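In what follows, a structure is listed as structure tokens, so that the remarks can point back to it.
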Amino acid sequence: MVMEIQTTTYACSLCQRKYTRREDAEKCETLCGKLLKSPDISILGLNARTYNILKIAGIDTIDDVRETTDGFLLKLKGFGPACLEDLHYRLKLLKGQHANADPSSES
Ligand SMILES: [Zn+2]
């Protein structure tokens, strides 16, 4: 006698990535939803340690960083004042890039 085993697969509705656990798919959907509105913090070019600390804290996008307070960041394990300074510096650089990239100036 053979048995038919049904396996359920969950997929993120935004990127179609498949998961065996529902909570993983839900996590993916949350992240994909955020990334539709704001770019991933990887574009800042932070060092791997700072990047990982932010990711673990659920700070995935530029919007997330902007909505977070310095006080909150400094309470994160391993996130020191030097990390904060670096983060602010890179955000400033990013802002500068956007200011210079004026789509209407060239055709
Ligand atoms: Zn997804």
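Based on DSSP H segments of at least four residues, each scored -39500 (n - 2.57), the chain has a per-residue ellipticity at 222 nm of -16500 deg cm²/dmol. Residue by residue, segment 69-77 carries 3J(HN,Hα) couplings of 8, 4, x, 5, 4, 5, 7, 5, 5 Hz when phi is fed to the Karplus relation 6.51 cos²θ - 1.76 cosθ + 1.60 (θ = phi - 60°); x denotes Gly or Pro.
Could you state the angle between the C-alpha long axis of helix 81-100 and the longest principal axis of the C-alpha atoms of the chain, as a value from 0 to 90 degrees rounded to the nearest 10? Once rounded, one gets 80 degrees. Residues whose amide H falls under 5 Å from that of Ala11, counting only those 5 or more places apart or on a different chain, are Tyr19, with hydrogens built in the peptide plane.
Here's how it looks for Thr61: its modeled amide H is under 5 Å from those of Ile41, which are all 5 or more places away or on a different chain.
Taking a sphere under 15 Å around the Cβ of Lys77 and counting the other residues whose Cβ falls inside, with K and R at +1 and D and E at -1, yields a net charge of +3.
Measure nothing but the geometry: give the 0 to 90° angle between the long axis through the Cα atoms of 22-37 and the longest principal axis through the Cα atoms of the chain, rounded to 10°. Computed tilt is about 30 degrees.
Among residues other than Asp86 whose Cβ falls under 12 Å from its Cβ, what is the net charge (Lys/Arg +1, Asp/Glu -1)? Spell out each step's value before the answer.
Values: positive: Arg49, Arg90, Lys92; negative: Glu85.
Result for the local shell: +2.
Taking a spot 7 Å from the Cα of Ile5 along the direction of its beta carbon, which residues of segment 14-33 have an amide N less than 16 Å from it? The answer is 20-21. Counted by Cβ distance under 10 Å from Leu44, the other residues give a net charge of -1, where Lys and Arg count +1 and Asp and Glu count -1.
Given R₀ = 22 Å, FRET efficiency for Arg66-Leu14 by Cβ-Cβ distance, to 0.05?
Efficiency at R0 = 22 Å is approximately 0.50.
Scoring 22-28, 1-7 by mean Cβ neighbours within 10 Å over their residues and listing the highest first yields 22-28, 1-7. Calculated on the Cα set of the chain, radius of gyration then Dmax: 18.9, 72 Å.
Bear in mind that the values in this text are calculations on the coordinates, not laboratory data. Computed from a prediction, not measured in an experiment: that's the story for all the values here. Note: ideal-geometry Cβ built from the backbone for every residue, glycine included; neighbour counts use all protein chains shown.
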